[in-house]
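One structure is given below, encoded as structure tokens.
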Amino acid sequence: MKTTQSTATTTDTTIDNQNTAGFFINAGTHAGWFTTPDGDAYDIRKLEPREVTDPRTGEVTTIWGGYATARDRELAAKDAMLQAEFKKTGARPAEFFQPESRDIPLYITLRNRPGKPNPETGKPSYTDIGSFWNSRGRYTVLARDLAGKSGLRFGGNVLAWKTPEMLEAERATKSAPAPDGAAARDGADKRARRPREKAATPEA
């Protein structure tokens, strides 16, 4: 199943430690950096807020967006070729995007879509969901608005993008009860100790 630009894939991964999460935006300059799951470091020039209106409801929301550049020169060159091709054709990877998608390569978009509240604190594990794609693939950014804390505006995780089918399969695997090895062994021992019934004879 493909997704559109307006439906960034979500997970409920908790941002446990903002200092090791891999996504940092400074409060003063709104510049920052992040590391992808592939280990590639990117610098973010500057995230800028932009107000958009939902045509269906008239609701006005703030979206943060900005370009990112790979620190590795070889990767940056591949990304530049990808972006040049995109500007020429407007084509996105078919396995990641629907034709009407508006996502732009190397451009991060953060939308205010909080995750499920933490049972202990009552606060969502993330406040904003982002999308990013480069010459290696597509990624999902789960960021927490940290305004007024630790000198950061946003901090969070960068995760490999997954299709809804992949996420559903993971949820099913996690929700399936784990096999009880001790109970299985106990049942086998009881069956081994149980006396076998005598076979019926013709006289019986």
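The values are calculated or read from the model by the stated rules, or taken from the named source; none is laboratory data. Note that the structure is a prediction, hence the values are computed from the model and not measured. Glycine also receives a Cβ, built like all others from the backbone with ideal geometry; neighbour counts cover every protein chain displayed.
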Has the range 74-84 got any residue that is closer than 21 Å to residue 40 by Cβ and in contact with a helix residue (DSSP H, G or I) (Cβ under 9 Å, 6 or more places away or on another chain)? no
Filter pass, residue 113 being without any contact (Cβ under 8 Å) to a residue 40 or more places away in the chain and not polar (S, T, N, Q): no
Which of the residues belonging to the range 32-59 are loosely packed, with under 10 Cβ neighbours inside 10 Å and either within 15 Å of residue 131 (Cα to Cα) or in contact with a strand residue (DSSP E or B) (Cβ under 9 Å, 6 or more places away or on another chain) (or both)? 51, 59
Among 122, 130, 151, 156, the single one that is surrounded by fewer than 10 Cβ atoms within 10 Å (Cβ to Cβ) and at pLDDT 80 or above is 122
Residues in the range 160-178 that are modelled with pLDDT of 75 or more, in a helix (DSSP H, G or I) and among the small types (Gly, Ala, Ser) total 2
Given (1) buried (at least 16 other Cβ atoms within 10 Å of the Cβ); (2) under 26 Å from residue 98 (Cα atoms); (3) modelled with pLDDT under 85, index of the condition residue 18 fails: (2)
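Conditions (1) in contact with a Cys (Cβ under 9 Å, 6 or more places away or on another chain); (2) of a type in the set (Lys, Arg); (3) loosely packed, with under 15 Cβ neighbours inside 10 Å, marked per residue:
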site: 61; (1), (2), (3): no, no, yes
site: 64; (1), (2), (3): no, no, no
site: 71; (1), (2), (3): no, yes, yes
site: 76; (1), (2), (3): no, no, no
site: 79; (1), (2), (3): no, no, no
site: 88; (1), (2), (3): no, yes, yes
site: 99; (1), (2), (3): no, no, yes
site: 105; (1), (2), (3): no, no, no
site: 136; (1), (2), (3): no, yes, no
Among the residues that make up the range 131-141, is at least one of them free of Cβ contacts under 8 Å to residues at least 12 places away in the same chain and more than 21 Å from residue 30 (Cβ to Cβ)? no
